[in-house]
Amino acid sequence: MTPAVSPTVSPGMAQHWLATGRASPRLVLVVVFVALLLDNILLTVVVPIVPTFLYSTEYEGANSSVGPAQPEPSPAAPRAPPFSSVLSYFDNTTVTVWGFSSAVELPNGTGSSPPGQPPSTSPAPARGCLEGGEFLAQENIRVGLLFASKALVQLLVNPWVGLLTNRIGYHIPMFLGFTIMFLSTVMFAFSGTYTLLFIARALQGVGSSFSSVAGLGLLASVYPDDSERGSAMGIALGGLALGVLIGAPFGSIMYEFVGKASPFLVLAFLALLDGALQLCILQPSRISPESTKATPMSTLLRDPYILVAAGALCFSNMGVAMLEPTLPIWMLQTMCSPQWQLGMAFLPASISYLIGTNLFGILANRMGRWLCSMIGMAMVGISLLCVPLATNIYGLIGPNAGLGFAIGMVDSSMMPIMGYLVDLRHTSVYGTVYAIADVAFCMGFAIGPSTGGAIVRALGFPWLMVIVGVLNVAYAPLCWLLRSPPAAEEKMAILSQECPMQPKSYTPKEALREFPLTEESDGEAENVE
């Protein structure tokens with residue numbers, strides 16, 4: 001009998017598989033999906049961790065170090081936990097009473113206070129609630145600034161990343177984004193102070209800028225057809241939604257039962273796998289600049305239709321951005337929620353966002369993206385108005401689910417519209433316009449947390465929800481302007497027989513040489529010339 005020969009994979013077969021993979025837009029979609037997934041897991045995994053971590057390290061640590069020393073009990077009496085202290089007039093020693101935190105009436109009618117001073121009438125905190133109301137109010141602002149630092153840095157870096165992608169292509173910036181995000185994740189794992197956490201969050205903003213701008217621009221270039229692009233954007237935003245879905249519950253459970261560093265070390269390992277995937281698919285050492293000169297950013301920023309779309313992205317995401325730092329602290333103060341519930345409160349919003357982005361990535365093109373975004377913004381406002389009505393975590397399910405679904409409607413409509421507007425009115429180069437889209441997204445996540453904490457301290461959490469909810473409802477009618485945007489004069493001939501928002505590919509032939517990335521494709525392009 002001849003022994004069975006095990007199949008072997010030759011280097012030539014492996015190279016052929018990689019070349020075929022690099023030519024596939026679907027694998028590019030997978031790379032962008034994974035990059036957005038990991039970036040947004042890291043974005044939200046800190047939401048339930050930071051407030052309780054700072055409380056335990058700063059407030060409780062300070063109280064334990066400066067608290068007054070308790071008098072030593074007599075040798076005959078066993079040492080008991082100091083739940084409350086009652087001054088006895090019989091032997092003038094401190095007696096510990098179990099289970100009480102307020103003044104206790106003694107059998108002889110005397111109280112816990114010395115003669116001439118009335119007993120304390122301050123109510124005891126509810127069971128399970130955190131003490132230190134002033135510290136928690138101040139923490140609203142500090143946590144909000146920490147969360148906003150990522151978006152603020154991303155806001156500043158995005159325009160430069162957009163210009164960089166026009167010069168060297170999308171692949172090197174994508175890999176730079178992975179590298180910076182990995183460093184940020186490791187820094188989060190081992191940071192023990194507010195300052196180090198702030199630096200790690202800001203560093204994440206730099207990496208996120210490279211990943212999101214380059215990733216969305218890359219998708220727009222490999223999916224030139226407007227209908228296919230909308231579906232691909234919906235799938236990619238599904239990665240963003242899945243990251244938001246996993247992040248907060250994953251962070252709260254791991255922090256509660258394993259430790260602070262554990263969720264970040266898991267993310268660091270997954271980031272290494274993402275880097276290996278990018279090395280195989282994107283060849284980040286290769287420079288591939290755009291063959292068509294991009295429209296200047298100043299011109300795009302003067303386009304009113306691009307500004308309307310960017311405003312919809314900004315204000316709709318500002319609602320959830322304000323919830324991230326303020327909702328956990330509000331739950332700690334009013335619901336006395338355990339730590340694991342702080343992340344689980346965002347679970348309905350994340351699940352519904354995942355459903356909304358995938359559903360309306362296809363459906364929005366049929367019903368009209370302008371209409372989809374207008375309905376979504378109105379739903380965002382109504383959902384935010386309902387959040388303060390909740391009295392426990394179950395009351396948050398409905399408003400948060402509606403909020404996530406509505407933001408999914410807006411994001412899955414506005415991202416393809418940004419690419420469509422560039423095709424329709426400008427040059428079909430997408431790095432700059434998606435830098436603007438990401439700037440709008442980041443403005444929501446920068447303004448929201450940084451101002452939300454201050455508004456909560458001045459007016460209260462319910463008024464914060466009223467303000468941002470009314471703002472979204474008032475902005476929603478502006479989406480009607482995107483119903484039929486006019487084309488640029490040089491493209492009027494192309495659209496003379498077409499409906500305004502009919503799927504159409506306007507990408508010039510030269511711009512399609514971004515993909516495939518195989519060696520054979522370069523030779524074919526030279527022969528055509």
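The values are calculated or read from the model by the stated rules, or taken from the named source; none is laboratory data. Just so we're clear, the structure is a prediction, and the values are computed from it rather than from any experiment. With ideal geometry, Cβ positions are generated from the backbone for all residues, glycine too; neighbour counts draw on all protein chains shown. Ligands, DNA and RNA are stripped out before the accessible areas are found, and what is left, the full protein with its side chains, is counted by its heavy atoms. Shrake-Rupley method; radii C 1.70, N 1.55, O 1.52, S 1.80 Å.
Gain in length, Met367 to Cys280, computed as 0.36 nm per residue apart minus the alpha-carbon separation, to one decimal in nm? Walk me through the numbers before you get to the answer.
Working: separation 87, 0.36 × 87 = 31.32 nm, distance 3.84 nm.
Residue separation times 0.36 nm, minus the Cα-Cα distance, leaves 27.5 nm.
Can you pull the one-decimal nm distance between simple spin-label points at Ile382 and Leu459, each 7 Å off the Cα toward Cβ?
Each label point lies 7 Å from its Cα, and together they span 2.2 nm.
If Cys336, Cys314 are ordered by their accessible area, calculated over protein heavy atoms with a 1.4 Å probe, which sequence runs from highest to lowest?
Reading off the accessible areas and sorting them downward yields Cys336, Cys314.
Tell me the accessible surface of Asp225 in square angstrom (1.4 angstrom probe, heavy atoms of protein chains only), to the nearest ten.
About 50 Å², rounded to the nearest 10.
Counting only heavy atoms of protein chains, what accessible area per residue, in Å², does the stretch 151-280 have with a probe of 1.4 Å? Intermediate results must be reported in sequence, preceding the final value.
Details: 4370 Å² over 130 residues.
Result: 34 Å² per residue.
Which residue, chosen from Met331, Leu267, Met297, occupies the Cα position most advanced towards the positive end of the dipole of the stretch 229-341, where the dipole is computed from +1 (Lys, Arg) and -1 (Asp, Glu) charges on Cβ about the Cα centre?
My answer, from the dipole projection, is Met297.
Keeping the other protein chains in place, figure out the carbon and sulfur percent of the accessible area of the stretch 166-212, with a 1.4 Å probe.
81
Hey, can you find the accessible area per residue of the stretch 372-412 for me, probe 1.4 Å, expressed in square angstrom?
Values: 1310 Å² over 41 residues.
Result: 32 Å² per residue.
Please compute the modelled spin-label separation between Leu389 and Leu156, points set 7 Å along Cα→Cβ, answer in nm with one decimal.
Between Leu156 and Leu389, the simple spin-label model gives 4.2 nm.
If each of Arg302 and Leu163 carries a label point 7 Å out from its Cα toward its Cβ, how far apart are those two points in nm?
About 1.8 nm separates the two model spin labels.
Of the accessible area of the stretch 310-395, with the probe set at 1.4 angstrom, what percent is carbon plus sulfur? Mind showing how you got there, number by number?
Values: 2080 of 2900 Å².
After summing per-atom areas, the C and S share lands at 72 percent.
Ordering Val266, Val206, Val410 by how much accessible area each has at a 1.4 Å probe, largest first, what is the list?
Val266, Val206, Val410
In the stretch 170-236, if every C-alpha pair distance is counted and binned at 10 Å from zero, what percent goes to each bin?
Going out from 0 Å in 10 Å bins, the stretch 170-236 shows 22, 36, 25, 14, 4 percent.
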